[in-house]
Number of protein chains: 2
Amino acid sequence: VRAGRFTPANLPYGVFAADGRPPRIGVALDDSVVDLYALARAGLFDSHVAGATEVFGSPTLNPLLARGRETWTAARARIVELLAAERRALHDAGVAGDAIVPIDRVEMRLPIGVADYVDFYSSIEHATNLGKILRPGAEPLLPNYRWIPIGYHGRASTVVVSGTPVRRPRGQRKAPDAEAPTFEPSRMLDFELEIGFITGDGPADGTPIAPDRARDHIFGVVLLNDWSARDVQGWEYQPLGPFLSKSFATSISPWVVTLDALEPFRVAGPPQDPRPLDYLATAGAQNYDIALEAALSSAAMSRDGVAPTVVSTTNFRGMYWNMAQQLAHMTSNRSRVRAGDLFGSGTISGSVPGTYGSMIELTGRGAHPLVLGDGSERGFLEDGDTVSMRGHSGDGDARVDLGEVVGTILPAG
Amino acid sequence: VRAGRFTPANLPYGVFAADGRPPRIGVALDDSVVDLYALARAGLFDSHVAGATEVFGSPTLNPLLARGRETWTAARARIVELLAAERRALHDAGVAGDAIVPIDRVEMRLPIGVADYVDFYSSIEHATNLGKILRPGAEPLLPNYRWIPIGYHGRASTVVVSGTPVRRPRGQRKAPDAEAPTFEPSRMLDFELEIGFITGDGPADGTPIAPDRARDHIFGVVLLNDWSARDVQGWEYQPLGPFLSKSFATSISPWVVTLDALEPFRVAGPPQDPRPLDYLATAGAQNYDIALEAALSSAAMSRDGVAPTVVSTTNFRGMYWNMAQQLAHMTSNRSRVRAGDLFGSGTISGSVPGTYGSMIELTGRGAHPLVLGDGSERGFLEDGDTVSMRGHSGDGDARVDLGEVVGTILPAG
């Protein structure tokens, strides 16, 4: 099943442009995009979503996000209804032809205007691996890790949609034995395989969002590649955390898969020991079973049509901290959450090498290079390399596909 | 000279609401606000600022910021012209009465829609003081400090305008000898005395902004209070930096003082040794001579009209890294800067105790409490305390006043 194949069980939302028309909101179905703006103009949401032409005619999902859970539920129910009866309603309204656009004719845009962007660090395996690499000889997992869903704010202005090329950043690096740092193109450019969730507005007065209310505020998820310059990160990150090593680009997939669609795939996460403090306590199935993979292609492989080399296969279900806990923690100090907020999960790594979600982990900081399909080796990313990440839950008619997030490295400018 | 007194040399921009009218842009002059939207509607900017009614009728400065340096210069020149000839032009246009509003009749709003918020750490004295407190026994200044203008991304959604009360955050804290952390109202709530700068758009393609071009993109400055929960910060900040200890609130002053107004007060900063790398190298006068003070009032002092106790007197001129270097560093990896970006300087501390810009430094982490005007002592902030910060350059007719940023602590919710 290729990434473009979206089942009726999925119906992810995105912002698309086609045939020279301004960008608007659509949902993906099979190999098509259903133009919700066209349906809204035909009056098909009149009794279901107030101001539907504004909401679905918008160049970002933000107006829909700002409407909140009730509208999300109503809109999805109506879309299911419209698409169910063999699209009769569309035909009757005379919009079927116009409103269904082949997916290969659309250009996908960044689905949201990013309000604030937060990136967590919620895979205990990733945190352990990175601790070993960045702080050799010390205890890899810091004492706060099992108490706090560690996170930090990232840069909203450089979140880009899948397909946007990523230019290799310049930055400061310093070898341990060097007297002074140098400023040059990063030599340790990496990806991080993540899932990001997107919210509507939180309570206006900043009332914290308890874990069991988190799903009221989380609209859906995307694949997220948190591009990272490891040499820059190693030198800059003390004491205030990563900054320029991350801020040059974050790529997300164009189709936002709703929590509603993912509901059948909710599963229990790993045991949490010690028990989280009360404000973070969750019970039952709070993780999501989403199979993930990351693949690399060299420029030569892309040119010759060689299939990308899968370098990591992992699953979102193993994350130590779940999304409900992340949102509860984030708002526990009454920080306001807004429509368009983006929260990255942190790199998703499993417990064995082929399941690690970044090259620094997969290669042991470059010591054990990956071998690509064309026989070339990679400690870190080279110019012209393409990173593609995919994710899905379920199979057959029940499959809920996240599509993909892709980016190709351009040489430093 | 009280904070409300703004000279014709200053003309800071702000967003104000008065008399039930929608918020719009004004400049402060003496004890009045000049309503630029009213002037624009009267046609007084027609030959000077294209679309002036849109720009000055906006509820944020962002449209003006997005216009860039040429418009900023033209607008300021025209305002000076309009206000110079004894306001004759205003009288002729019949708008003088309407367009000049007493400053005590306006309600000031957040002047910008904050795009991304970055906070630096550019006082070497502050970094040294904090290093001693947070990492006792280790070298206080980390090896990267003199090479990198250290900074991190903060939360844009919780930047608030002066006067907005600040609720004491709850958060995780853990004493070194405690077995587990607790979640409770912060007991070490602090202020940080900073200056923030506000930008227009950087180059759309992300071309780095060289230090000698920084002033093309920096519109002006505000006072900034980076409220900090020190107990939360100490427990959470490794390895990804401060998060919830800072994200609950950042207060800024309502009047944005332009770089144009501050130009007479440009001075050389402290020597930088080692010499910064080429992409950060600046020459000549790159700092600004801005006298600053922070003052505290207890609830009782506020109630009884007792003058606030000045607890810190310092100056912006001593910052190790200047604004041009901060912006150059930030964009050196081609991160895009947008209209409405806010960059905090980091706490502004001098080299002796009375010049430190935070309570954790002033009190040695609470060991040597401050004594307020009512005889009460403060290791950190108590509920009902009001923090006020002021700043100005020059004197008499040449005075350029930043006004003030004020916030009162509410009990944890």
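Looking at the stretch B:182-190, is at least one residue buried (at least 23 other Cβ atoms within 10 Å of the Cβ), touching a helix residue (DSSP H, G or I) at 6+ places or on another chain (Cβ under 8 Å) and within 10 Å of another protein chain (Cβ to nearest Cβ)?
Yes, the conditions are met somewhere in the stretch B:182-190.
Report whether or not A:G403 is touching a Ser or Thr at 6+ places or on another chain (Cβ under 7 Å), within 14 Å of chain B (Cβ to nearest Cβ) and either at positive phi or among the small types (G, A, S) (or both).
no
For A:V114, indicate whether it is open to solvent by less than 10 Å² (accessible area, probe 1.4 Å) and either modelled with pLDDT under 95 or β-branched (V, I, T) (or both).
No.
Step by step: first the residues of the stretch A:142-175, then only those that are more than 7 Å from chain B (Cβ to nearest Cβ) and β-branched (V, I, T), then the one that is farthest from A:T347 (Cα to Cα). Which residue is that?
Here the answer is A:T164.
Quick check on my filter: what residues within the stretch B:216-243 are facing another protein chain (nearest Cβ under 8 Å) and part of a helix (DSSP H, G or I)?
Going through the stretch B:216-243, the residues facing another protein chain (nearest Cβ under 8 Å) turn out to be B:229, B:232, B:235-243.
Hits for the stretch B:216-243 are B:V232, B:W235, B:E236.
Looking only at the stretch A:367-413, which residues are basic (K, R) and closer than 21 Å to A:T7 by Cβ?
A:R390, A:R399 - these are the residues of the stretch A:367-413 that are basic (K, R) and closer than 21 Å to A:T7 by Cβ.
Can you tell me how many residues within the stretch A:269-322 are under 30 Å from A:D383 (Cβ atoms), surrounded by 17 or more Cβ atoms within 10 Å (Cβ to Cβ) and out of contact with any strand residue (DSSP E or B) (no Cβ under 7 Å at 6 or more places or on another chain)?
Counting residues in the stretch A:269-322 that are under 30 Å from A:D383 (Cβ atoms), surrounded by 17 or more Cβ atoms within 10 Å (Cβ to Cβ) and out of contact with any strand residue (DSSP E or B) (no Cβ under 7 Å at 6 or more places or on another chain) gives 2.
Taking the conditions exactly as written (open to solvent by 40 Å² or more (accessible area, probe 1.4 Å), more than 10 Å from every other protein chain (Cβ to nearest Cβ) and in contact (Cβ under 8 Å) with a residue 40 or more places away in the chain), does B:R213 satisfy them or not?
Working: open to solvent by 40 Å² or more (accessible area, probe 1.4 Å): yes; more than 10 Å from every other protein chain (Cβ to nearest Cβ): yes; in contact (Cβ under 8 Å) with a residue 40 or more places away in the chain: no.
When the stated conditions are applied, B:R213 does not pass them.
Go through (1) at pLDDT below 95; (2) within 14 Å of chain A (Cβ to nearest Cβ) and name the single condition B:L83 misses.
The single condition B:L83 does not satisfy is (2).
Name the single residue, out of those in the stretch B:141-180 being polar (S, T, N, Q) and not in a strand (DSSP E or B), that is nearest to B:D104 (Cα to Cα).
Restricting to residues being polar (S, T, N, Q) and not in a strand (DSSP E or B), the top hit is B:S162.
At the interface with chain A (Cβ under 8 Å from one of its Cβ atoms), in a strand (DSSP E or B), in contact (Cβ under 8 Å) with a residue 40 or more places away in the chain and in contact with a Lys or Arg (Cβ under 8 Å, 6 or more places away or on another chain) - does that describe any residue in the stretch B:194-206?
Looking only at the stretch B:194-206, we keep the residues that are at the interface with chain A (Cβ under 8 Å from one of its Cβ atoms), and these are B:206.
Remaining after also requiring in a strand (DSSP E or B): none.
No, the stretch B:194-206 contains no residue that is at the interface with chain A (Cβ under 8 Å from one of its Cβ atoms), in a strand (DSSP E or B), in contact (Cβ under 8 Å) with a residue 40 or more places away in the chain and in contact with a Lys or Arg (Cβ under 8 Å, 6 or more places away or on another chain).
Given the criteria buried (at least 23 other Cβ atoms within 10 Å of the Cβ) and of a type in the set (A, V, I, L, M), does A:A229 qualify?
Yes, satisfied.
Scanning the stretch A:363-411 for residues that are open to solvent by less than 20 Å² (accessible area, probe 1.4 Å) and of a type in the set (D, E, K, R), which turns out farthest from A:L130 (Cα to Cα)?
A:D401
Filter the stretch A:244-280 for residues that are within 7 Å of another protein chain (Cβ to nearest Cβ) and under 30 Å from B:L141 (Cβ atoms); which is farthest from the chain's Cα centre (by Cα)?
Ranking the candidates gives A:L244 first.
Can you pull out every residue in the stretch A:50-62 that is open to solvent by 30 Å² or more (accessible area, probe 1.4 Å) and under 20 Å from the mean Cα position of the chain (by Cα)?
Correct list: A:P59, A:T60, A:N62.
Can you tell me which condition B:M108 does not meet? The list is (1) at pLDDT 95 or above; (2) open to solvent by less than 30 Å² (accessible area, probe 1.4 Å); (3) away from every other protein chain (no Cβ under 13 Å), and all the others hold.
(2)
How many of the residues making up the stretch A:22-49 are open to solvent by 30 Å² or more (accessible area, probe 1.4 Å) and over 28 Å from A:V400 (Cβ atoms)?
So the answer is 3.
Only one residue in B:G357, B:G340, B:G344 is closer than 30 Å to A:R167 by Cα, touching an Asp or Glu at 6+ places or on another chain (Cβ under 7 Å), open to solvent by less than 40 Å² (accessible area, probe 1.4 Å) and at pLDDT 95 or above, so which one is that?
So the residue among B:G357, B:G340, B:G344 that is closer than 30 Å to A:R167 by Cα, touching an Asp or Glu at 6+ places or on another chain (Cβ under 7 Å), open to solvent by less than 40 Å² (accessible area, probe 1.4 Å) and at pLDDT 95 or above is B:G344.
Picking from A:R155, A:R167, which residue would you name as being of a type in the set (K, R), open to solvent by 20 Å² or more (accessible area, probe 1.4 Å) and at pLDDT 95 or above? Before the answer, list the steps.
Working: A:R155 fails: open to solvent by 20 Å² or more (accessible area, probe 1.4 Å).
Criteria check complete, one pass: A:R167.
To keep it simple, each residue is scored yes or no on (1) touching a Phe, Trp or Tyr at 6+ places or on another chain (Cβ under 6 Å); (2) of a type in the set (G, A, S); (3) closer than 25 Å to A:A115 by Cβ.
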site	(1), (2), (3)
A:A28	yes, yes, yes
A:D46	no, no, no
A:G51	no, yes, yes
A:T60	no, no, yes
A:R69	no, no, yes
A:A75	no, yes, yes
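The values are calculated or read from the model by the stated rules, or taken from the named source; none is laboratory data. Since this is a predicted model, take the numbers as computed values, not measurements. Here the Cβ is made from the backbone with ideal geometry for all residues, glycine too, and neighbour counts use every protein chain on show. Just the protein is used for accessible areas: all its heavy atoms, side chains included, with ligands, DNA and RNA removed. Shrake-Rupley method; radii C 1.70, N 1.55, O 1.52, S 1.80 Å.
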